[in-house]
Every structure is written in C-alpha cells, then in structure tokens.
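S.K.: Let me give you the structure first, and then I'll get to my questions.
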Amino acid sequence: MVDAVPRADASDLFTDEEKALIAASTELTRDAKLSARTFERLRGFFDDEQIVVLILNTSVANLNNRVTDSLEADVEPDA
C-alpha cells in the first residue's frame, strides 16, 4: 500500500478523504504551502481546526526531518 501513495489519486486503495490528506501532506512537504484547490478539497472532509492541525503536524514532521538531515543525526541508532 505504501508504494501506491505517490499515485494515490489514481488508486482505488484510498478513500477520497485519504487522497485529500495525501495530496495536502505532499504539497506541504514539497511546496511549504497548500494550493487553493487542495485547501478546498480538504474542506470537503475537515473543519478549519482540523485543517490547521494537519498543517501543524505536517510542518513539525518536516521541520524535524530537515533538522536531523542537516545534522546527519542518526535518530534510530543501531542497537
């Protein structure tokens, strides 16, 4: 299923709600903002507070990735 994420919109493995979330998360990661189209797509499933939470959670995850990548930090060292 993970392999289908890049082509989520063309897949029948995901609900329309999941496709909207994947599109939003992808845009936020790639562009650091949501297009008006994607924002309206989210509004079909979520209220404003939920959309803000989605944006915050995705942004924090992206920040964490950029910091650990920049520092070449091993966040899961071999045991």
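The values are calculated or read from the model by the stated rules, or taken from the named source; none is laboratory data. This structure is a prediction, so every number in the text was calculated from the model and none was measured. Every residue, glycine as well, gets a Cβ built from its backbone with ideal geometry; the counts of neighbours run over all protein chains shown. Remember, those area values only see protein heavy atoms, side chains included, never the ligands or the DNA or RNA. Shrake-Rupley method; radii C 1.70, N 1.55, O 1.52, S 1.80 Å.
S.K.: Identify which of the listed values of Rg and Dmax of the Cα atoms in Å was calculated from the structure shown: [x] 14.6, 45; [y] 11.3, 34; [z] 12.5, 43.
M.R.: Read-out taken from this structure: [x].
S.K.: On the protein heavy atoms, probe 1.4 angstrom, tell me the percent of accessible surface of segment 20-79 carried by carbon and sulfur. Spell out each step's value before the answer.
M.R.: Working: 2450 of 4490 Å².
So the carbon and sulfur contribution to the accessible surface is 55 percent.
S.K.: Could you tell me which of Ser25, Leu13, Val2 has its Cα farthest along the dipole of segment 1-48 towards the positive end, charges placed at Cβ (Lys, Arg +1; Asp, Glu -1), taken about the Cα centre?
M.R.: Of the listed residues, the answer is Ser25.
S.K.: Turning to a different aspect of this structure: With every protein chain kept in place and ligands, DNA and RNA left out, what is the accessible area per residue of the chain? Probe 1.4 Å, answer in Å². Please report the intermediate quantities before stating the final value.
M.R.: On the way: 6030 Å² over 79 residues.
For the chain, the solvent-accessible area averages 76 Å² per residue.
S.K.: Hey, got the dipole for the chain? About the Cα centre, +1 on K and R Cβ, -1 on D and E Cβ, debye to the nearest 20? Write down the numbers at each step before the final one.
M.R.: Working: 8 positive and 17 negative charges, 80 e Å.
Result for the chain is approximately 380 debye, rounded to the nearest 20.
S.K.: Moving on. For segment 36-79, state what percent of all Cα-Cα pairs lands in each successive 10 Å bin, counting from 0 Å until the bin that includes the largest distance.
M.R.: For segment 36-79, the pair-distance distribution reads 24, 34, 22, 17, 3.
S.K.: If r is the Cβ-Cβ distance from Arg7 to Arg37 and R0 is 22 Å, what FRET efficiency results, to the nearest 0.05?
M.R.: Numbers: r = 18 Å, r/R0 = 0.82.
Working from the Cβ atoms, E equals 0.75.
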